[in-house]
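Reviewing the structure listed below.
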Amino acid sequence: MGLSDKVEVPPPIRFVLNWGRKYSLWVFNFGLACCAIEFIATSMAEHDFIRMGVIPFAHGPRQADLMVVSGTLTDKMAPAVKRLYEQMPEPKYVISFGSCANCGGPYWDSYSVAKGVDQIIPVDVYVPGCPPRPEALLQGIIKLQTKIQNESLKQRYTAEPLTVEAG
Amino acid sequence: MTPEEISQRLTAELGDDVTSTESSYGVATVTVSAARYADAARFAKTTRGLDFTFFDFLTAVDEGEQGYGIVTHLYSPIHKHHLQLRTVVPNDAPTVPTMTGVFRGANWHERETWEMFGVVFDGHPNLVKLLLPDEFEGHPLRKEFLLMSREVKPWPGAKEPGE
């Protein structure tokens with residue numbers, strides 16, 4: 001990335017860079033269950049998250065900036081999610097959409113369901129609900145964009161822990 | 001055919017290997033000995049008048065002390081009648097002959113029943129895990145299988161499931 005990962009860029013430049021990044025989120029839908037239907041609904045004309053700069057759909061994880069894990073993550077699926085997350089280029093973000101992806105949801109005691117996607121990959125925004133309405137995903141996207149707008153590029157590219165300032 | 005007639009045909013063929021018959025909601029339930037289980041299915045499939053050519057599903061039921069009940073649901077598209085073919089295998093040696101020689105579609109059903117209940121299908125061509133991860137240990141649909149989440153945290157509802 002060059003200079004921006006070595007020094008803190010001045011706030012006006014940081015603002016412009018982050019502004020550009022937050023409105024160009026190629027999204028990769030990891031649809032695992034019924035929540036994926038709500039995600040699709042959010043992408044269609046009624047809710048239309050492309051108006052917020054979330055672009056459906058990245059052709060694969062290597063072209064994506066944002067992964068939305070929507071649905072029940074089983075232990076058998078978990079290695080695939082981790083692998084596809086690792087294929088995404090930095091900077092990358094994850095939204096955990098729905099109760100199952102957040103914590104296992106109604107399947108918390110199952111023999112086959114992971115207790116949330118954050119057990120295997122870092123999650124930026126959690127959207128609660130079973131399933132959440134499309135509006136909830138829009139809210140989650142706005143939260144994520146607030147986070148992107150306020151983040152430090154230096155920290156982002158040196159893989160230090162992210163800090164979120166109040167937006 | 002009525003459920004009673006279906007039961008009679010199977011009893012006439014298999015004799016003492018039919019341990020009980022009943023009918024509920026228009027479905028004949030015939031319990032046979034484990035050794036003749038696949039034979040009973042073959043008879044039901046190939047006998048004119050029965051013609052149970054459609055294999056719907058095969059699964060098991062953990063009946064505790066009594067062992068594992070194996071249940072196969074067959075249907076005849078010609079006569080539009082149903083048959084539930086059951087057998088019971090003991091807990092310590094749950095083995096039943098495979099039905100894959102009669103219905104090829106039974107293959108995956110038997111693999112799933114094997115991994116979920118630990119019931120061995122004797123003669124199955126490829127008895128390996130179907131749904132569970134390869135490293136999974138145990139048979140999760142057995143009642144004796146412990147759910148670790150439940151061991152750590154009790155069921156939060158007012159009643160236990162099944163209560």
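The values are calculated or read from the model by the stated rules, or taken from the named source; none is laboratory data. All values reported here derive from a predicted model rather than from experimental measurement. So basically every Cβ, Gly included, is an ideal-geometry build from the backbone, and we count neighbours across all protein chains shown.
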- Picked from the stretch B:58-85 (must be within 16 Å of residue B:143 (Cβ to Cβ) and polar (S, T, N, Q)), the residue modelled with the highest pLDDT is B:59
- Item | Residue under evaluation residue A:78, criteria (1) under 30 Å from residue B:138 (Cβ atoms); (2) loosely packed, with under 15 Cβ neighbours inside 10 Å, criterion not met | (2)
- Answer with yes or no whether residue B:2 is surrounded by fewer than 17 Cβ atoms within 10 Å (Cβ to Cβ), under 17 Å from residue B:106 (Cβ atoms) and either in contact (Cβ under 8 Å) with a residue 24 or more places away in the chain or more than 16 Å from the chain's Cα centre (by Cα) (or both). no
- Looking only at the stretch B:52-61, decide whether some residue is surrounded by fewer than 17 Cβ atoms within 10 Å (Cβ to Cβ), outside any strand (DSSP E or B) and among the hydrophobic types (A, V, I, L, M, F, W, C). no
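Any residue that is of a type in the set (A, V, I, L, M) and surrounded by 18 or more Cβ atoms within 10 Å (Cβ to Cβ) - is there at least one of those in the stretch B:146-162?
Residues of the stretch B:146-162 of a type in the set (A, V, I, L, M): B:146-148, B:152, B:158.
In the following step, the residues that additionally are surrounded by 18 or more Cβ atoms within 10 Å (Cβ to Cβ) were identified as none.
No, there is no match, as no residue in the stretch B:146-162 is of a type in the set (A, V, I, L, M) and surrounded by 18 or more Cβ atoms within 10 Å (Cβ to Cβ).
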- Has the stretch A:145-157 got any residue that is more than 14 Å from every other protein chain (Cβ to nearest Cβ), buried (at least 17 other Cβ atoms within 10 Å of the Cβ), among the β-branched types (Val, Ile, Thr) and touching a Lys or Arg at 6+ places or on another chain (Cβ under 9 Å)? yes
- Task: Please determine, by comparing only the residues of the stretch A:71-94 that are in contact (Cβ under 8 Å) with a residue 60 or more places away in the chain and out of contact with any strand residue (DSSP E or B) (no Cβ under 6 Å at 6 or more places or on another chain), which one is farthest from residue A:145 (Cα to Cα).
- Result: A:88
- Residue check, residue A:15 against (1) surrounded by 15 or more Cβ atoms within 10 Å (Cβ to Cβ); (2) modelled with pLDDT of 90 or more; (3) not aliphatic (A, V, I, L, M), all met but one. Which one? (1)
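Look at the stretch A:1-50 and say how many of its residues are within 21 Å of residue A:67 (Cα to Cα) and part of a helix (DSSP H, G or I). Give the derivation first.
Step one: filter the stretch A:1-50 for residues within 21 Å of residue A:67 (Cα to Cα), giving A:17-45, A:47-50.
Next cut, part of a helix (DSSP H, G or I) only: A:17-22, A:35-43, A:49-50.
Qualifying residue count, the stretch A:1-50: 17.
Tell me the residue from B:144, B:160, B:112, B:137 that is out of contact with any Asp or Glu (no Cβ under 6 Å at 6 or more places or on another chain), within 14 Å of chain A (Cβ to nearest Cβ), among the acidic types (Asp, Glu) and within 19 Å of residue B:55 (Cβ to Cβ), please. Write out each step before concluding.
Values: B:144 fails: within 19 Å of residue B:55 (Cβ to Cβ); B:160 fails: within 19 Å of residue B:55 (Cβ to Cβ); B:137 fails: within 19 Å of residue B:55 (Cβ to Cβ).
Of the residues listed, the single one that is out of contact with any Asp or Glu (no Cβ under 6 Å at 6 or more places or on another chain), within 14 Å of chain A (Cβ to nearest Cβ), among the acidic types (Asp, Glu) and within 19 Å of residue B:55 (Cβ to Cβ) is B:112.
Condition first: of a type in the set (A, V, I, L, M, F, W, C) and within 14 Å of chain B (Cβ to nearest Cβ). Now tell me which residues in the stretch A:104-119 satisfy that. Write out each step before concluding.
Let us first name the residues in the stretch A:104-119 that are of a type in the set (A, V, I, L, M, F, W, C), namely A:108, A:113-114, A:117.
Within the stretch A:104-119, A:108, A:113, A:114 meet the criteria.
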